[in-house]
Amino acid sequence: MRRESIRVSKKNYHSSGKKKISQTFQKWLTVCVLIAFVISGVLTFWIQTRISNTDTNRLLRLNIEDLKAEIERKSDENMLRIARLVVEDIETSRQNDGGYLRMIAEKYHVSEINLIGTDGVIYASTYPDFIGFDMASGEQSAEFLVLLNGQRQYVQPYQQTSYDSSLYRKYAGVTSKRDGFIQVAYDAESFQEDLKEQLEDASTNRHIRNSGGILICDEDWDVVSGGNGYTGKLNDRHLINAVTSHPEGKPFSVQINGNVNVVCMYMTTEGYYIMAILPQSEVSLSRNVSVLTILIMEILLFAVVFSMIYNLLNKLVVQNIRDINYSLMQITEGNLDERVEIRTNEEFDSLSNGINMMVEAMKYYIDEAARRLEKELETATKIQASMLPSITPVFSERNEFNIYASMTPAKEIGGDFYDFFFVDEDHLALAIADVSGKGIPAALFMVKSMTLIRNTVQIGIEPYQVMEKVNNQLCEGNEAGMFVTVWLGLYEISTGKLTYANAGHEYPAVMHQGGSYELICEKHNLALACMENMKYQQYEVQLNSGDKLFLYTDGVPEATNSANELFGNDRMLAALNECPEEDPVQTLHKVHDAVNRFVGAAPQFDDLTMLGLDISK
């Protein structure tokens with residue numbers, strides 16, 4: 001009957017006619033890859049468009065602001081030059097009547113001249129109505145009073161005048177040798193005419209990328225300087241309407257020269273429109289190149305990943321399932337009381353048959369498995385013990401300190417561990433930890449924690465940084481919700497400085513030369529693997545010649561006797577202080593003996609782990 005059952009299973013294994021798992025996986029993997037590619041392509045296009053637009057806006061703004069600053073500088077310099085000439089003529093002639101001022105204004109093509117005394121009041125002007133005006137009474141005019149406080153010249157930007165909102169002028173003030181200062185005003189057409197020659201070539205040699213440029217127009221839309229095929233009067237209504245309908249400093253799209261789509265930005269200064277223009281084709285080019293490059297790389301990457309996953313599935317999953325099922329059917333005897341009925345694919349159909357037969361066979365091997373497990377636990381205990389460091393020749397040859405540690409697990413396999421090793425010739429790392437729980441799960445978590453801590457310390461970062469990094473690593477995939485308390489220190493041998501961090505562990509005990517053991521009760525941080533992105537504090541203690549450090553897990557103070565009493569920190573300190581001059585080996589043995597005497601016949605409640613460090617005298 002058993003052989004017939006096996007033969008039937010083999011037949012079903014090869015000829016069930018169900019769809020193969022590799023075919024199902026190939027279908028859905030293709031769908032997932034295509035969906036991922038489409039989503040990635042859309043996101044890439046959107047991100048690159050945002051980046052391209054941001055870069056374009058920044059480029060246009062930088063060019064405009066640079067040219068704007070240059071125009072304002074040249075305008076201010078020209079304004080001050082004219083103002084100084086006016087002041088020089090007035091001071092030379094020593095006349096200040098209105099007729100003379102109007103003659104000077106006509107000579108230099110300025111619109112207004114005002115003479116202001118040291119009291120800030122206009123006492124002569126080309127406008128008789130201005131005489132007697134107190135400069136301090138107007139917001140714009142009050143700005144010129146800095147000329148009465150030591151400043152020798154001041155230029156106001158081109159703007160609306162406060163006394164006539166329809167009138168735009170640019171004012172400059174220069175101190176006078178007589179008294180007070182002289183204020184000169186320019187209309188836009190006057191100072192723009194003076195600036196025209198200086199600005200004609202201001203944007204000619206300015207290029208934005210390959211074919212973009214700068215266009216400067218005055219308030220009448222006469223082209224002062226620029227490229228893009230514009231000269232004389234600007235008659236491109238699309239561009240003019242777009243500029244007048246959009247705010248300054250904001251990019252907008254417009255079609256110029258009849259059929260060229262461009263991105264444009266403008267600002268105004270000194271009565272000029274400064275327009276930065278860049279063809280849309282150039283804006284899109286960098287984005288398209290980036291998107292195309294990324295998409296090509298993604299296609300290659302997806303193709304490689306698809307091929308690897310598909311081949312690995314066939315090799316490591318499908319074929320292995322078939323091999324396991326065939327082996328199970330060869331070694332199994334008997335029928336099953338309870339059957340596995342997973343038959344969605346040919347492979348799982350065969351695997352179900354094999355598992356069902358294996359369960360029957362397992363009934364006869366439970367005892368053997370139990371004995372084997374006991375033996376494996378003994379082996380695991382030895383392996384765990386071998387993982388903990390010992391006093392190798394590397395440590396015994398160092399005469400700066402003396403170190404010793406011990407661990408007595410409560411079960412065959414413990415969840416405590418300690419570690420000490422050199423990070424470099426001058427830095428000794430010390431660690432002691434207690435994993436939640438006991439037995440194999442705690443031992444596995446202990447191995448993972450110990451390995452991560454040792455590897456992370458070796459990269460040369462501070463103890464608190466090690467805690468933060470290892471905490472996040474342990475939180476990943478911690479479905480069992482385990483955690484570990486850790487005390488981690490870094491002892492600098494040359495200086496005696498011990499920096500350490502404490503993740504929910506017991507307080508360390510320190511004895512300074514000539515004193516007694518005392519607990520260092522710093523603020524506890526949360527144990528590792530409890531919560532991601534935790535921040536850990538770091539502490540520092542100075543260890544000098546003759547000082548001692550004692551580290552332990554909660555198995556020492558929480559050791560419980562038959563009366564349900566705890567050994568406690570006080571008894572632990574008392575045991576330590578009974579042997580202040582003894583080396584770490586003797587110290588740990590005496591503490592262990594004190595715990596044993598206290599516990600008596602009661603079972604060991606927890607793992608008992610201790611580490612002692614003596615600084616050589």
| remark: Probe 1.4 Å, all chains present, heavy atoms only: MET511 accessible area in Å², nearest 10, is 10 Å²
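Stretch LEU313-GLU248 to full length: gain in nm at 0.36 nm per residue minus the Cα-Cα span?
Full extension of this stretch gives 17.4 nm more.
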| request: Could you run the Karplus curve 6.51 cos²θ - 1.76 cosθ + 1.60 with θ = phi - 60° over segment 239-255 and give me ³J(HN,Hα) per residue in whole Hz, x for Gly and Pro? | output: 5, 4, 5, 5, 5, 6, 9, 10, x, 5, x, 10, x, 8, 9, 7, 9
| query | Can you give the accessible area of PHE605 in Å² (nearest 10), computed on protein heavy atoms with a 1.4 Å probe? | reply | 130 Å²
| query | Can you give the convex hull volume of the alpha carbon atoms of segment 521-610 per residue, in Å³? | reply | 127 Å³
| task | For the pairs LYS68/LYS170; LYS548/LYS617; LYS107/LYS233; LYS448/LYS535; LYS68/LYS250, note any where the Cα-Cα span goes beyond 19 Å. | result | LYS107/LYS233; LYS448/LYS535
| query | Which order, highest average first, do 496-507, 54-65 follow once you tally other Cβ atoms within 10 Å for each residue and take the mean per peptide? | reply | 496-507, 54-65
| request: Give me the number: length gained by fully extending ILE35 to ARG398, i.e. 0.36 nm times residue separation minus the C-alpha to C-alpha distance, one decimal in nm. | output: 124.5 nm
| Just how much of ASP424 is accessible, in Å², when a 1.4 Å probe is used and the result is rounded to the nearest 10? | 70 Å²
| request: Using a/c under 1.5 as the rounded threshold, could you call segment 401-446 rounded, prolate or oblate? The axes a ≥ b ≥ c are square roots of the C-alpha gyration tensor eigenvalues, and prolate needs a/b larger than b/c, oblate otherwise. | output: prolate
| field | Heavy-atom SASA rank of MET482, MET467 (probe 1.4 Å, accessible area, largest first) | value | MET482, MET467
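The values are calculated or read from the model by the stated rules, or taken from the named source; none is laboratory data. Nothing here was measured: the structure is a model prediction, and the numbers come from that model. All Cβ positions, glycine included, derive from the backbone under ideal geometry; neighbour counts span all protein chains shown. These accessible areas exclude ligands, DNA and RNA; they are computed on the full protein's heavy atoms, side chains included. Shrake-Rupley method; radii C 1.70, N 1.55, O 1.52, S 1.80 Å.
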